[in-house]
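Report on the structure given below.
We did not get these values from a lab; they are worked out from the coordinates using the rules stated. All values derive from a computational prediction rather than experimental measurement. For neighbour counting, all protein chains shown are included, and Cβ atoms are generated from backbone atoms with ideal geometry for every residue, glycine included.
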Amino acid sequence: MKRSRKAKKRAAKSLSVNKTNDFVRGFVACALIAALERNAQGRRAGFDRRVLCRATQGGIALVAGVAAGHATQRREYTTALTATVVGLAGVYATDRLMKTTSLPKE
């Protein structure tokens, strides 16, 4: 059964909103963990560039994991592998960008 253009557009918009929500969930969770880890290491708790990097990586990883999980449920293994590789590339790129930027000494 073919879906109408409106139905396809609604599905695409819903998927985009879900991915955004997944990213925000991962971002916030990892930001909190990174900030608490920073406090446990004896440094002042706060939100600096390192915490931002870890939070961004967490958001990317969660989106990739959710996308891969949904694709696996639909038995779309190529899509699952693609989501995993894109997630890995995003996390790696974030890490490389973090290392190439200069950070203040603590």
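Sorted by mean Cβ packing within 10 Å, highest first, what order do the peptides 86-94, 61-69, 22-30, 74-82 take?
Result, highest mean Cβ count within 10 Å first: 61-69, 22-30, 86-94, 74-82.
Could you give the nm distance between label points at Thr78 and Met98, where each point is 7 Å from its Cα heading toward the beta carbon?
Taking the simple label geometry, Thr78 and Met98 are separated by 3.4 nm.
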